[in-house]
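In what follows, a single structure is set out as structure tokens and then discussed.
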Amino acid sequence: MAKKNKNDTMEKIVSLCKRRGYVYPSSELYGGLTSCWDYGPLGSELKRNIKTFWWDAMTNRRDDIEGLDAAILMHPEVWKVSGHVDEFVDPMIDCKTCKARFRADKLEECRCGNKPSKTPLECGGELTEARNFNLMFKTFMGPIEDSSATIYMRPETAQGIYVNFLNVKNSSRQKIPFGIAQIGKAFRNEITPGNFIFRTREFEQMEMQYFVHPDEDEKWFEYWREQRWAWYESLGINMSKLRWHEHKDDELAHYAKAAYDIEYEYPFGWQELEGVHNRTDFDLGRHMEATGKDLRYFDERFTEKFLPYIVETSAGCDRTILTCLVDAYDEVEVKGDMRVFLRLSPKIAPIKAAVFPLVKKDGMPEAAKKICAELKKKFKVFYDEAGAVGRRYARQDEAGTPFCLTVDGQTLEDETMTLRDRDTMEQTRMRVEDVIKFLDEKVNG
Ligand code: GAP
């Protein structure tokens, strides 16, 4: 029974996302494309707000981190040198009975191709031995499609930062310790994608690489664990649904000396949301060896040149979106009806306020449109005059809008309107200048 409820929650969220324009199946007209999703009007706004929230925290509010936007397509040697061509693999198993392919280390999460209610461990199908499957997407660059033209779609944004370490250091004149941050698409040919936008083959990462003296790697590793934990708190996530997971030796990626994941308790269980990794000098060392370029660092504070160690924070943008949606989803019984509330923080909510005239007459629509135009100079707001006010509130509650402003007869006399809070349901009368101050505090405070 408990399991059914959990699945129900995901189904409800997927359906809400489609209904309200957060996320649609990709290429739906053609029957969709497995594990590919498109962000709709509200979804693209939410995604942009989350990226801005991350970018502000990681770059604009600090002096020691620079931004970067590197190309997705990189020199193919990068991926040989980084170890991805040889080691970026997952163990794969084939089922001879249903012909499906599964990740050998996640069999308990997979579903049998013939009997979807069973896992491949339960269905009795004949499984092959596990073999390694490389997750990188390949394509060809230029008009000749042969092996010399093979390039890869980047499986992480991090390498774009490492190969630009010297460029950024020289042009920004940053001194160690300093970081480089980047948001961008990454691609992995996952054997078993799924759980909506949780595991997809095309996704976005928000990554930051912090370059430190080798003697200080553990100190900065702890510092960045604290910073990233605090970031989710400021995003308004229910912190009792987050926990740390330390990678043991058999889980560590080929580049990492230490790694901790921040996990969230999704309806389908505890899963990784972000990784914080101590990548040592592995990546810079490999690129220095392969290119012959000196990537070591020196300034007057040190007695000798050294290759910086790297502390990486790597968050999935789509996973953060899913986390925010799951965390915000709430159902409340109102007068016998089950109503949905999407309690997104005002900082990231796609629409910050909706403006309604109480009725479609007596000058109220004109007054409401004027207020709407004033608010639009600073915030994403939405005007709605269709249907009963209660229905309009309900639509905005479901869409995640934190505040609704209603213009009524009194507005025409004293220029005040009611501001209704989605979460407390409290209504307060305010003038437009106070509404602007109030929203500014809630959205940017
Ligand atoms: N540069 C290090 C790195 O890429 P990772 O743990 O493989 O580390 C970092 O990935 C984050 O990227 C994950 O914590 C997750 O949020 C996101 N991510 C990884 N694979 C993903 C996928 N297939 N779909 C969606 N997000 C993914």
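Every number here is computed from the coordinates shown, using simple stated rules; none is lab data. All figures in this text were calculated on a predicted structure; none of them were measured in a lab. Neighbour counts are summed over all protein chains in view; Cβ atoms, including those assigned to glycine, are modelled from backbone coordinates with ideal geometry.
Sum -39500 (n - 2.57) across every DSSP H segment of at least 4 residues in the chain, then divide by the residue count to get the 222 nm mean residue ellipticity, nearest 500.
On the way: 13 runs with 140 residues, N = 445.
Rounded to the nearest 500, it is -9500 deg cm²/dmol.
Over all Cα pairs of the chain, how is the pair count split among 10 Å bins, expressed in % and running from 0 up to the last occupied bin?
Each 10 Å bin holds this share of Cα pairs: 4, 18, 25, 23, 16, 9, 4, 0.
Count the net charge of all other residues whose Cβ sits under 15 Å from the Cβ of ALA388, scoring Lys and Arg as +1 and Asp and Glu as -1.
Counting the neighbours of ALA388, the net charge comes to +3.
Amide H neighbours of LEU33 under 5 Å, counting only residues 5+ apart in sequence or on other chains, H built in-plane at 1.01 Å?
Residues meeting the amide H criterion: SER26.
Using modelled amide H (1.01 Å from N, peptide plane; none on Pro or chain starts), what sits under 5 Å from the amide H of ALA186, excluding residues fewer than 5 places away?
When sequence neighbours closer than 5 places are left aside, the close amide H contacts are PHE203, GLU204, GLN205.
On each of the three principal axes of the Cα atoms of segment 351-444, give max minus min coordinate, whole Å, ordered largest first.
Projected onto the principal axes, the Cα atoms of segment 351-444 cover 34, 27, 22 Å.
Work from the charge dipole of the chain (Cβ charges, +1 for Lys and Arg, -1 for Asp and Glu, about the Cα centre) and give the residue of GLY400, LEU295, GLY363 farthest towards its positive end.
Positive-end residue among those listed: GLY363.
Remind me, relative contact order of segment 351-444 in percent, using alpha carbon pairs under 8 angstrom and six or more residues apart? List each step's numbers first, then the result.
Numbers: 149 pairs, mean separation 26.9, N = 94.
The normalised contact order for segment 351-444 reaches 29 percent.
Kindly put TRP231, TRP37, TRP244, TRP270 in sequence by how many other C-beta atoms sit within 10 Å of each C-beta, fewest to most.
Lowest to highest Cβ neighbour count: TRP244, TRP270, TRP231, TRP37.
Can you list the HN-Hα couplings for segment 212-223, worked out from phi with the Karplus curve (6.51, -1.76, 1.60; θ = phi - 60°), rounded to whole Hz and with x for Gly and Pro?
Running phi through 6.51 cos²θ - 1.76 cosθ + 1.60 with θ = phi - 60° gives 9, 5, x, 6, 10, 4, 6, 4, 6, 4, 5, 4 Hz.
What whole number of Å gives the distance from the Cα centroid of segment 400-445 to the Cα centroid of segment 176-197?
Their Cα centres are 38 Å away from one another.
Please compute the alpha carbon radius of gyration of segment 18-116, then divide it by the globular-protein estimate 2.2 N^0.38 Å. Two decimals is fine.
This ratio for segment 18-116 stands at 1.58.
Go through segment 77-86 residue by residue and turn each phi into a ³J(HN,Hα) via Karplus (6.51, -1.76, 1.60, θ = phi - 60°); whole Hz please, and just put x for glycine and proline.
4, 3, 7, 6, 5, 6, x, 5, 4, 8
Step through the residues of segment 167-181 one at a time and calculate ³J(HN,Hα) from phi using the Karplus curve (6.51 cos²θ - 1.76 cosθ + 1.60, θ = phi - 60°), rounding each to whole Hz and writing x for Gly and Pro.
Result, rounded to whole Hz: 4, 5, 4, 6, 7, 9, 6, 6, 10, 5, x, 8, x, 10, 10.
Quick check on segment 255-410: what does the Kirkwood estimate of hydrodynamic radius come out to from the alpha carbon pairs, in Å?
Details: mean 1/r = 0.0492 Å⁻¹.
With all distinct Cα pairs of segment 255-410 included, I get 20.3 Å.
When only C-alpha pairs under 8 Å and at least 6 residues apart count, what is the relative contact order of segment 287-357, in percent?
Averaging sequence separation for qualifying contacts and normalising by length gives 15 percent for segment 287-357.
Note the full-extension length gain between THR97 and LYS293 as 0.36 nm times their separation in residues minus their Cα-Cα distance, in nm to one decimal. Can you show the working numbers first?
Values: separation 196, 0.36 × 196 = 70.56 nm, distance 5.23 nm.
Taking THR97 through LYS293 to full extension adds about 65.3 nm, to one decimal.
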